[in-house]
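The values are calculated or read from the model by the stated rules, or taken from the named source; none is laboratory data. The model shown is predicted, which means the values in this text are computed figures rather than measured ones. So basically every Cβ, Gly included, is an ideal-geometry build from the backbone, and we count neighbours across all protein chains shown. Just the protein is used for accessible areas: all its heavy atoms, side chains included, with ligands, DNA and RNA removed. Shrake-Rupley method; radii C 1.70, N 1.55, O 1.52, S 1.80 Å.
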Amino acid sequence: LEIRPTKQITSSLFHSLYTKEVTFNNNIAKIFYDEMFDTFTGNKTVVNNYLVKYYDESLLSNMLEDSTSTALELEYLNFPETITQRTIDLVEEIVTDGMTNRQKAVTIRDYLKSTYSYTLSPGELPEGQDFVDDFLFETQEGYCVYFGTALTMMLRISGVPTRYIEGFKMGNEQVNGAYVVRNSDAHAWTEVLVDEERGIWETFDATGTPREMIFGEDSLEETPVDEPETP
């Protein structure tokens with residue numbers, strides 16, 4: 001992929017899951033990699049195009065399906081003290097200890113997708129209320145941040161190492177041969193450690209983007225246009 005920044009003002013570099021390397025088209029900027037959080041950052045605000053080389057997720061799909069790893073990484077198992085007992089009880093009702101990490105992720109993801117509603121205006125979080133508890137038992141609706149946070153915390157409660165991720169879900173909209181990523185493609189999701197030995201994380205997503213859920217557009221369908229709209 002060649003990433004072409006337009007209106008983003010950040011030193012963070014966008015990249016895909018299973019990224020192999022990130023390089024600039026020039027030798028001026030420096031790139032730093034954080035192994036723990038799997039993030040790339042430039043030493044200055046990113047204004048130049050840059051390249052992302054990555055491994056195709058479809059090539060790993062069969063291996064991920066067969067993985068039975070139950071290994072733990074403590075930094076990805078922590079959850080806040082505000083997590084309520086009824087949240088823990090709900091997790092214990094949904095999954096069992098005999099499930100693999102991947103089976104637990106699929107089960108909890110499907111539960112969230114079938115039980116809760118999507119909205120961009122879920123209201124204010126009451127003071128002193130745990131975010132996940134309020135979503136699961138009171139509000140029962142929210143956008144990707146709500147679903148992604150709940151999925152991440154519920155999996156950690158069940159003993160599955162997870163990472164909460166925010167970024168953009170790239171679709172196939174194109175302008176003059178270049179892919180367009182809009183603010184309506186902003187998203188949050190969960191990555192699950194399904195194979196510790198090989199360090200393989202898999203993406204699990206309990207809901208869609210605003211483009212998909214609110215505006216009724218499928219970001220996976222190719223929709224070429226002549227001129228870009230203002231994000």
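At-a-glance table
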item: Separation in nanometres of the label points that stand 7 Å from Cα toward Cβ, at F32 and S12; result: 1.5 nm
item: Gained length - N78 relative to E92, 0.36 nm times residue gap less alpha-carbon distance; result: 3.3 nm
item: Virtual spin-label span in nm between E196 and S117, 7 Å along Cα→Cβ; result: 4.1 nm
item: Ranked order, V47, V192 - accessible area, probe 1.4 Å, largest first; result: V47, V192
item: Net charge, Y116 excluded, C-beta distance under 14 Å - Lys, Arg +1, Asp, Glu -1; result: -4
item: GluC sites (Glu not before Pro) lying in DSSP loop within the stretch 172-215, provided at most 12 other Cβ fall within 10 Å; result: E197
item: Sites D56 and T23 - FRET efficiency at Förster radius 22 Å, r taken between beta-carbons, to 0.05; result: 0.75
item: Label-point separation, E2 to N43 (7 Å along Cα→Cβ), nm; result: 2.5 nm
